[in-house]
Amino acid sequence: MKHLLKLMDLTTEEITEILDIADQLKYEKKHGIEHHLLKGKTLGMIFEKSSTRTRVSFEVGMYDLGGSALFLSSRDLQIGRGEPVQDTARVLSRYLDGIMIRTFAQSEVEDLAKYGNIPIINGLTDYCHPCQVLADLMTIREHKGSLAGKKMCYIGDGNNMTNSLIVGGIKTGMKVSVACPKGYTPDAEIMKWAAENGEFVCTDNILEAAKDADVLFTDVWASMGQESEAEERKKIFAGYQINDDVIAVSKPDVMVQHCLPAHREEEITAKVFEAHADEIFDEAENRLHAQKAVLVKCLGGR
Ligand code: CP
Ligand code: NVA
């Protein structure tokens with residue numbers, strides 16, 4: 001595996017291998033076992049959007065693996081002043097061993113991979129968030145013991161998270177249900193692929209989607225770049241919240257996941273968030289271990 005551009009590019013075996021490596025690296029870190037698999041390697045991290053978890057998990061991850069990481073804000077790079085991505089990719093390929101990029105257009109990530117000759121890792125685009133969903137799958141497996149046959153339900157905006165959750169869930173044999181308002185459903189091609197390759201439902205009825213769910217997901221109603229729509233979206237998504245009614249129709253031992261940042265009383269009530277905080281912060285912690293596994297797979301190592 002050279003790049004991580006989107007989960008659709010990975011086989012089920014590759015996803016499972018990343019989760020296995022992540023579990024192993026987590027175990028080793030907890031037991032003080034050093035694993036300098038990327039000694040001497042440098043990761044460039046280009047951010048065109050804000051980040052807490054992605055930035056810190058990749059930076060600490062590279063440090064744990066014996067390498068180093070450079071934070072590159074697009075505001076300070078020439079790319080922010082219009083230098084073509086083709087040129088940026090070829091220049092950075094001469095200095096770095098890999099690039100993690102968070103940006104708007106998926107095509108920018110794909111172009112970096114096309115024109116550069118070092119591994120490119122997608123740290124979130126408007127289209128998908130593969131790194132987050134690998135951490136999510138790791139967390140579900142940790143809590144539930146396995147993924148195949150378990151039911152994942154996502155409630156809210158059909159956004160980058162939803163697209164990656166559908167692909168990651170279906171590829172690992174989970175049943176996936178999504179509840180979104182009309183006009184805010186996930187990517188049409190991904191939904192078609194999901195229906196052809198597994199058990200997939202998309203509805204506007206949140207209780208139907210959540211029925212007997214093993215794990216519930218949600219995400220913000222307005223993603224980065226949609227700030228101007230936030231007030232209008234609050235009205236459109238008002239009925240798409242993880243609350244006690246949703247928990248009541250799910251399995252009694254349902255777990256709740258949120259990629260964070262969370263907006264309490266919007267997509268999730270404060271009560272449900274706090275009742276499931278341990279699972280949600282395990283998920284946030286697992287960003288570190290899962291990102292290290294991705295780095296090891298893409299930049300070489302185990
Ligand atoms: N979940 C996630 O990607 O968080 P950040 O935006 O803080 O990186
Ligand atoms: N859908 C959110 C995810 C943030 C991690 C966004 O794109 O802002």
Original post:
What does the highest-first list of 229-238, 214-223, 288-297 look like by mean Cβ count within 10 Å?
Top reply: 288-297, 214-223, 229-238
Original post:
What is the helix-to-structure angle for 277-299, meaning the angle in degrees between its Cα long axis and the longest Cα principal axis of the chain, kept from 0 to 90 and rounded to the nearest 10?
Top reply: 30 degrees
**OP:** Please give the length that would be gained between Ala195 and Phe281 if that part of the chain were fully extended, namely 0.36 nm times their separation in residues minus their C-alpha to C-alpha distance (nm, one decimal).
**Re:** 27.9 nm
Subject >> Computed magnitude of the charge dipole of the range 82-121 (debye, nearest 20; Cβ of K, R +1, Cβ of D, E -1) >> reply: 100 debye
**OP:** Work out the FRET efficiency for Lys235 and Phe71 from their Cβ-Cβ distance, taking R0 = 35 Å, and round it to the nearest 0.05.
**Re:** 0.40
**OP:** Assuming 1.002 mPa s and 20 °C, estimate D for the range 162-302 with Stokes-Einstein, Rh taken as the Kirkwood radius over Cα pairs, in µm²/s.
**Re:** 131 µm²/s
Original post:
Roughly how many debye, to the nearest 20, is the charge dipole of the chain about its Cα centre, given +1 on each Lys and Arg Cβ, -1 on each Asp and Glu Cβ, and no other charges?
Top reply: 780 debye
Subject >> Cα-only Debye scattering, the chain: base-10 log of I(q)/I(0) at q = 0.10, 0.14, 0.15 Å⁻¹ >> reply: -0.52, -1.03, -1.17
**OP:** Note the per residue figure in Å³ for the convex hull of the C-alpha positions in the range 230-300.
**Re:** 123 Å³
Original post:
Per Stokes-Einstein, at 20 °C and 1.002 mPa s, what whole-number D in µm² s⁻¹ belongs to the range 6-144, with the Kirkwood radius over Cα pairs as the hydrodynamic radius?
Top reply: 135 µm²/s
Original post:
Running Debye on the range 113-244 with equal point scatterers at the Cα sites and no solvent, what base-10 log of I(q)/I(0) appears at q = 0.13, 0.14, 0.15 Å⁻¹?
Top reply: -0.54, -0.62, -0.71
**OP:** Please give the calculated 222 nm ellipticity per residue for the chain, where each DSSP H segment of at least 4 residues contributes -39500 (n - 2.57) and the sum is spread over every residue; nearest 500 deg cm²/dmol?
**Re:** -14000 deg cm²/dmol
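Are there any trypsin sites (Lys or Arg not before Pro) in the range 99-205 that are in a DSSP loop and have at most 16 other Cβ atoms within 10 Å? List them by number.
In loop regions of the range 99-205 (DSSP not H, G, I, E or B), the sparsely surrounded trypsin sites (Lys or Arg not before Pro) are Lys182.
Values quoted throughout were computed directly from the atomic coordinates according to the rules given, and no laboratory measurement underlies them. Computed from a predicted model, the values in this text were never measured in an experiment. Because the Cβ atoms are built from the backbone with ideal geometry, glycine has one as well, and the counts that use them run over all protein chains shown.
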